[in-house]
Amino acid sequence: MAAAARAAHPLVDDEPYLFRDDLAGALLGPHAEELVGYHLRHRRHPLLAAVRAQATVRSHWVETRLVASGIDQYVILGAGLDSFGYRDPAAAIRVFEVDHPETQRWKREILALADISATGELAFVPVDFEHDEPVPALAAAGVDRERPVLVSWLGVSMYLTGAAIEAVLSGLSGLPAGSELVMEYLLDPALRDEHGRSYAASVEPAARAQGEPWLSSFTPAALDQLLHRHGFATVAHISHRAAVPASWWQRTDALRPVDLCRLAHARLGAAAPPLGGGAR
């Protein structure tokens, strides 16, 4: 659904585009016509517009931060149909896609059918977040233990238990000092705006019925405490509205910022333990 939203955005919404992903449609494979067509037929539906806003602004922010950081190791937790590694024009960033083995098998089949190849060095790192630790798997996949990485963790934490989130952060604390994390998280219900509450009321029951219930939400202060316990210093919490230039929200289409999820940007301090040695 996130890839469909990114693919549909330039087809159904007006400029300025919040994010351009020219490969998203191809990565949908045989599902492209159905999923993108739904956005084309119902382009002003508030729920679909909210999905497009969420999927585009978070990708815009994290990829902008990646370029600005100068970090050349990019870890994508829950990569799904993310397309960065296949459209990075510089091909100078090593990409590590971390996801469930079955999801990766499906994605690799679509990549082969569409004849899409990585532009640079890319490794698939199979991990089940509820049971496996990502950092040892990343070490085995070739992450440089002496240089920082930027970790993108979008659209995942809300579907995990608190224990699973804690375990992932514990493992990430073993990354090199100076590594950065951009984590999307579901806001505590009391902090959501009207659009966020409306979206949740419509989507959360459907997600639960499909076997993907929302399991975790945070206040910024609570997430700060969790991050700090694992060696991360929070740099900022970024709302949809703040994730792109303010003028981009002066729109004639249906896209509006929704305060349902935020991005936490955090950095590991100099005291972080060696790779693979995060406290349990």
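The values are calculated or read from the model by the stated rules, or taken from the named source; none is laboratory data. Given the structure is predicted, the values throughout are model-derived calculations rather than measurements. Cβ placement follows ideal geometry from the backbone for every residue including glycine, while neighbour counts extend to all protein chains displayed. Only protein heavy atoms, including side chains, enter the accessible area calculation; ligands, DNA and RNA are left aside. Shrake-Rupley method; radii C 1.70, N 1.55, O 1.52, S 1.80 Å.
Of note:
- Residue match in region 19-27 (condition: of a type in the set (K, R), under 18 Å from the mean Cα position of the chain (by Cα), surrounded by 15 or more Cβ atoms within 10 Å (Cβ to Cβ) and under 28 Å from P257 (Cα atoms)): no
- Evaluation of A4 against the conditions (1) open to solvent by less than 80 Å² (accessible area, probe 1.4 Å); (2) out of contact with any Leu (no Cβ under 7 Å at 6 or more places or on another chain); (3) closer than 21 Å to V203 by Cα; (4) modelled with pLDDT of 95 or more shows that the sole unmet condition is (2).
For every residue, the table says whether it meets (1) outside any helix (DSSP H, G or I); (2) crowded, with 17+ Cβ neighbours inside 10 Å; (3) among the polar types (S, T, N, Q); (4) in contact (Cβ under 8 Å) with a residue 40 or more places away in the chain.
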| position | (1), (2), (3), (4) |
| --- | --- |
| G155 | yes, yes, no, yes |
| A163 | no, no, no, no |
| S170 | no, yes, yes, yes |
| A177 | yes, no, no, yes |
| V182 | yes, yes, no, yes |
| H195 | no, yes, no, yes |
| V203 | no, no, no, yes |
| E212 | yes, no, no, yes |
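- Test: L40 is in a helix (DSSP H, G or I), under 20 Å from Y86 (Cβ atoms), of a type in the set (A, V, I, L, M) and open to solvent by 30 Å² or more (accessible area, probe 1.4 Å): no
- A Cβ distance below 6 Å, combined with a sequence gap of six or more or placement on separate chains, defines the contacts here; from region 52-75, residues that are under 13 Å from I238 (Cα atoms) reach residues that are at pLDDT below 95 and part of a helix (DSSP H, G or I) in the pairs V57/H240.
- Output for region 73-98, where each listed residue is modelled with pLDDT of 95 or more, among the charged types (D, E, K, R) and either open to solvent by 20 Å² or more (accessible area, probe 1.4 Å) or more than 12 Å from the chain's Cα centre (by Cα) (or both): D82, R94
- Test: F124 is open to solvent by 30 Å² or more (accessible area, probe 1.4 Å) and among the aromatic types (F, W, Y): yes
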